[in-house]
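Beneath this line is the structure, given in structure tokens, with notes to follow.
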Amino acid sequence: MYSGAAAAAGPPRRDFISVTLGPEEVVGVGGYNNSKAWRRRSCWRKWKQLSRLQRSVILFLFAFLAVCGVISYTSMGEAWKSITNKSLDDQRTEQEIPGLKLANPAVLPAPQKADANRGDYPELSPQKPPKPPHVRRGPSNLQIKAPRRDMRLKTRHDTIRTAEELVQADKAEKTEKSIISWRGAVIEPDQSTEPPSSKIKEPKKPSSVEAEDQKEPVPINERQLAVIEAFRHAWKGYKDFAWGHDELKPLSKSYSEWFGLGLTLIDALDTMWILGLKEEFEEARKWVANDLVFDKNVDVNLFESTIRILGGLLSTYHLSGDSLFLEKAKDIGNRLMPAFKTPSKIPYSDVNIGRGTAHPPRWTSDSTVAEVTSIQLEFRELSRLTGDEKFQKAVDEVMKHVHTLSGKNDGLVPMFINTNSGQFTHLGVYTLGARADSYYEYLLKQWIQGGKKENELLEDYMRAIEGVKKHLLQRSEPKKLTFVGELAHGHFSAKMDHLVCFLPGTLALGAHNGLAADHMKLAETLIETCYQMYAQVETGLSPEIVHFNLHAQKGHKDVEIKPADRHNLLRPETVESLFYMYRFTGDKKYQDWGWEILQNFNRYTRVPTGGYTSINNVQNPSNPEPRDKMESFFLGETLKYMFLLFSDDIDLINLDKYVFNTEAHPLPIWVPA
């Protein structure tokens, strides 16, 4: 309380405080020694004297400078890496060897083993290619990746997402290599010339691709969009009328069953991935996860189930990285193994995947040569992924056995082999068509898959091509088309299956991997013949079989078609070879030929309600007589090769990193261990 008495007390008294300073605290009196502790206390006092705003500004400046430093470091690192990579590439330039083009290195660790007017047919509708929107090529993350357990694909309506570049593998340092000479071809194998060791080693899981290793995606073009539209139209029919069943019957809006394993769906999985159809892919994946069951009492054909189901699952696993597909592949692979329990180790043609039993066809104890020698890519890859050597051991024994057999004619093999004796049967008949075709294809592709070290495979392939030149090549009249006929007991037949049109692509693949240059020349002449098998027919679609005229006759074309042979099954072989030829030569005419074929499929085989159908008569544009069946390989092979043919992106399934099985399922090429 303030009062008058207090005011009269006089002026207030001043109080003083006495402070004594030690000498160590007086600047300039010997106490300051520039110690770290003294400096820290001094700096901290000055920092505390700053206002909160001043401290915030200083902290912001420090953070900004740090971010700028990181960005500058990253940019300089990328430039330095680019210079380094270029220098390494320059050092690895291939040596010039006459007649030989060295193949690029492989990428995965190898096992130590081892418009005309439309016809009047009312049921079929033409299709106009859509105008290309501003979209980029799918699919995303198209690369070889390690499996991920809970992978989920992001989907988007009516959009094709950008595809990332395939994994850039580390290139191994080149070592000295022995040279193999085979009838004019000079082959320089990777690493050793010995076959793989019998010990299978679990592969290393490849790392994901860094963003800085990616190339700019190649835009989708109008023709590729037309293929996507065709696929979606076919898929619509399958989804609406045959979902989960083997094959669509588009006219009757129903389905047919062969094995009851969803063949069309499995065959189309990797096609959807390559085309960038992620919504359709995810829908199909759910069916595989929830409804694909192999434990059922059903007989399946060893060859067909291997190339379509096992091959399709392995390919989809590699492209997507989703371990679901590898687990399913292991399951079906194990269930097919009883086929090899024969006296000769030549597998039976049929397996009951539920009971674990196998048997030959009811009418014979023979298997076809193509069937028993065209399952190797898939079983070898299954061993590489699982570390279980039994799969590769079984199929390698078949190849080694066939290698030693008599009954060949300059490398050409008969069509049948007995599962009891292990010997060829029906001797004297040689063809590159049905029952023998993919034997020759898989000789080359196994050699490529395994790192070009298994010389028996190469020798058998090279000898067989020489046999083709010697015994099966002829020229037709009047256009002098080179074609591959058949030989029966010394008599030449001018018959050529459409299936034989795989050969130009295989020859081109061999030439790309260092085989004789004349293989590419032969490929160029044969693909012209395969194209003429379409161009000289009224619908522009090839029949199943043609006969060539060997003698000029007025009013006759090179190609003659018998009534029993004039059906078209939507087969892929010619488009397959067009893809290889364009990929290796860059000649646009191959794309143009493929475009003509796609347009004719749309004119004469497309069903308005969804799907495409095989036809009975390629010579009748007004009524091609639809058969009411869409083969699974139309989605698994034909449209896939169409899409790849029209692409100018060599990294969209790079042929130095992948090898296609005979059902167009890409599997990785192994890196030598």
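Some observations on this one:
- Ligands, DNA and RNA left out, the 1.4 Å accessible surface of region 321-438 is 49% carbon and sulfur atoms.
- Distant-in-sequence amide H partners of Q423 (H built 1.01 Å from N, under 5 Å): N418
- For region 505-514, 3J(HN,Hα) computed residue by residue from phi via the Karplus equation (6.51, -1.76, 1.60; θ = phi - 60°) reads x, 5, 4, 5, 5, x, 4, 4, 9, x Hz, glycine and proline entered as x.
- Distance between the 7 Å Cα→Cβ label points at C68 and D388: 6.1 nm.
- Taking label positions 7 Å along the Cα-Cβ direction at both D518 and W258, the computed distance is 3.8 nm, reported to one decimal.
- Carbon/sulfur fraction of accessible area - region 559-673, other protein chains in place, 1.4 Å, %: 44
- Magnitude of the charge dipole, region 523-673, Cβ model with Lys/Arg +1 and Asp/Glu -1, debye to 20: 360
- All distinct Cα pairs of region 494-597 go into the 1/r average, and the inverse of that average, the Kirkwood radius, is 14.1 Å.
- With each label modelled as a point 7 angstrom along the Cα→C-beta vector, the D410-N221 pair spans 4.0 nm.
- In region 419-523, the C-alpha radius of gyration followed by the widest Cα-Cα span (Dmax) gives 14.5, 47 angstrom.
- Whether region 232-315 is rounded, prolate or oblate, judged on the alpha carbon gyration tensor where a/c under 1.5 counts as rounded: oblate
- Sites A289 and R45 - FRET efficiency at Förster radius 51 Å, r taken between beta-carbons, to 0.05: 0.15
- Each Lys and Arg contributes +1 and each Asp and Glu -1, all at the Cβ; summed about the Cα centre of region 237-297, the dipole is approximately 120 debye.
- Hypothetical label at N297: residues of region 252-270 whose amide nitrogen lies under 19 Å (7 Å Cα-Cβ projection): 258-261
- Entry comment: accessible area of region 231-357 is 30 Å² per residue, from protein heavy atoms only and a probe of 1.4 Å.
The values are calculated or read from the model by the stated rules, or taken from the named source; none is laboratory data. It should be emphasised that the depicted structure is a prediction, and the values quoted were computed from it without experimental measurement. All Cβ positions, even for glycine, are placed from backbone atoms using ideal geometry, and neighbour counts span all protein chains on display. The accessibility values were calculated without ligands, DNA or RNA, using every heavy atom of the protein model including side chains. Shrake-Rupley method; radii C 1.70, N 1.55, O 1.52, S 1.80 Å.
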